[in-house]
Structures are given as structure tokens and as C-alpha cells.
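The values are calculated or read from the model by the stated rules, or taken from the named source; none is laboratory data. If you're wondering where the values come from, they're calculated on a predicted model, not measured in any experiment. Cβ: placed from backbone, ideal geometry, glycine included. Neighbour counts: every protein chain shown. Note: areas computed on protein heavy atoms with side chains; ligands, DNA, RNA excluded. Shrake-Rupley method; radii C 1.70, N 1.55, O 1.52, S 1.80 Å.
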Amino acid sequence: MGANEIPHADIPLRELKKARSKIALYEAALSLLGDKMFRDVMLDDICRRAEVSRVTFFKFFQSKDDLLLYFMRVWLTERIIEIEEERKRGFGAIRHLLHHVAERSRHQAGLVPSLIAFLAEKNMHPCMPELSQAEVRLLFPGHERQGAVSPDMFELFRRCMTEASADGTLRPEITAEFAVKGLFTIFYGAFLTAQLYASTDIAGLYEAHLQLLENR
């Protein structure tokens, strides 16, 4: 970009302002979470931190819990971009993903349990929200192509386990389809196991469970 060029000049200013307000709400919610469960973060506090009114909030999100799905959309896309850039595959890609979950839980212990509680209540796996061109540009600078694609965790797990099977790193008695189910159990179940064992070692629990699938 030249010195005198205006950033994002091809996107209408109205759309940029909307995207910035929406992202500000998302970032405010994360900054207020800490070790709390998401239900304990007040909507008024999120709006005040983001300097966005409640009326504007409900133009972007139907409920406060939709911020959890927005987090999942942004976070998973970021990890997929990293996996592609670093050319990780199979269990290497899965470990990259789980490492970031474990790291996030060290600083925001309530985030993933809040997401699990939300999904259990809705009896669903998240349908990722669509992002505007302005949101994609602001959230994933330099990676707009990947950022515009709605991420699919099932597809990511399936691809990684197919790669692991081809590489001989998946136990031969385990099919890729079965391994995908196991990965979802590991992804979400590690937090319940951690609670049962009064452990904060999410990374260690992830690794212990991965070894049940991996041909070492």
C-alpha cells in the first residue's frame, strides 16, 4: 500500500464502522471473561467496554451467547491459517490445534467450558456465523481468502485423520471415521476429565488421549 493510500478504501465506510463495532464487542467479551464462565459476564459490561449501545449489540447478535460462536469462528479460522502456512498435517495439525486450546484455557479457563455448556444446552454443534467482507479484512489481514471460508471442525478432523492414516501414524485398527469421533470426544471431554481429577493440565490430558489413537 502506498503512503497516501487509504486502507480498505474499497469497502464502504458504513460497513467498516459496523465491522469495527462488532469486533469491538467480541474483543470486549473476551477481555472481561478471565476465569469466569461466560454466563457471569454481563452484557452491559461488554457494551460499555466496547463503547457500543445495547441496541447496536442486538443488531449484530441475537443473544450474548452468539459471541461464543463468533469466537469459535474467528479462533478456528486463525488455527486453520496457521496449519496451512506451517504445512502441518495429521497428528501434527491436531496437536497444533489442541495446544492453542490448552494455552487459551490457562488465561481464560471459563471459555471452552462455557462453549461446551452452550452447545449441550442447544443440543447442537455450532453453525459458524458468516462474516462480512469488512470483518474478514479486519480480522484476517493478508489471509482474506481463508478468512472468508466458514471453518468446519469436522472437515478439519477428517482431513487430518485421513492424512494420519495415509502416513501410518493412525493405529491400523482404527478407521479415520472412528478417529474423528474420538477427536471430538477428546476436544471437549478433556475439560470434564480435568474437573473430575481437579487438574489444570489440559495439554497433558490431550496428549494422553491422543496416544490412544496414534500409532507410535
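Grouping the Cα pair distances of the chain into 5 Å bins from zero gives a pair-distance distribution of 1, 6, 13, 16, 18, 16, 12, 8, 5, 3, 1, 0, 0 percent in increasing distance order. In this structure, the residue pairs whose Cα-Cα separation is over 26 Å, taken from LYS22/LYS122; LYS36/LYS122; LYS36/LYS64; LYS88/LYS122; LYS18/LYS88, are LYS88/LYS122; LYS18/LYS88.
When the chain is described by a simple charge dipole with +1 on each Lys and Arg Cβ and -1 on each Asp and Glu Cβ, the residue from ALA93, PHE71, LEU32 located farthest towards its positive end is LEU32. Using a probe of 1.4 Å, the accessible surface attributed to THR175 totals some 80 Å² when neighbouring protein chains are kept in position.
Does anyone have the angle between helix 111-122 and the longest principal axis of the chain? Alpha-carbon axes, 0 to 90°, nearest 10? Here the helix axis deviates by roughly 90 degrees.
How would you classify the stretch 117-190 from its alpha-carbon gyration tensor, with a ≥ b ≥ c the square roots of the eigenvalues: rounded for a/c under 1.5, else prolate if a/b is greater than b/c, otherwise oblate? Oblate, since a/c reaches 1.5 and b/c is not below a/b.
Using only the C-alpha atoms, the convex hull of the stretch 20-146 corresponds to 113 Å³ per residue. Rounded to the nearest Hz, the phi-derived 3J(HN,Hα) couplings of the stretch 19-36 under the Karplus curve 6.51 cos²θ - 1.76 cosθ + 1.60 (θ = phi - 60°) are 5, 5, 5, 5, 5, 4, 5, 4, 5, 5, 4, 5, 5, 8, 5, x, 8, 6, where x marks glycine and proline. If you take all other residues with their beta carbon under 13 Å from the beta carbon of ILE186, and give Lys and Arg +1 and Asp and Glu -1, the sum is 0.
Take every Cα pair under 8 Å whose residues are at least 6 apart in sequence, average their separation, divide by the length of the stretch 23-77, and the relative contact order is 38 percent. Amide hydrogen proximity for LEU170: with H placed 1.01 Å from N in the peptide plane, the residues at 5 or more positions away or on another chain lying under 5 Å are SER165, ASN215. Highest-first packing order for the peptide set 176-188, 19-31 is 19-31, 176-188, based on the mean count of other beta carbon atoms within 10 Å. Between the stretch 109-175 and the stretch 33-75, the alpha-carbon centres lie 21 Å apart. Between the Cα long axis of helix 202-213 and the first principal axis of the chain there is an angle of about 50°, rounded to the nearest 10. Derived scalar couplings between HN and Hα for the stretch 153-169 equal 5, 4, 5, 4, 4, 4, 4, 5, 6, 5, 5, 4, 5, 5, 7, x, 9 Hz in order, rounded to whole Hz, by the Karplus curve 6.51 cos²θ - 1.76 cosθ + 1.60 (θ = phi - 60°), x for Gly and Pro.
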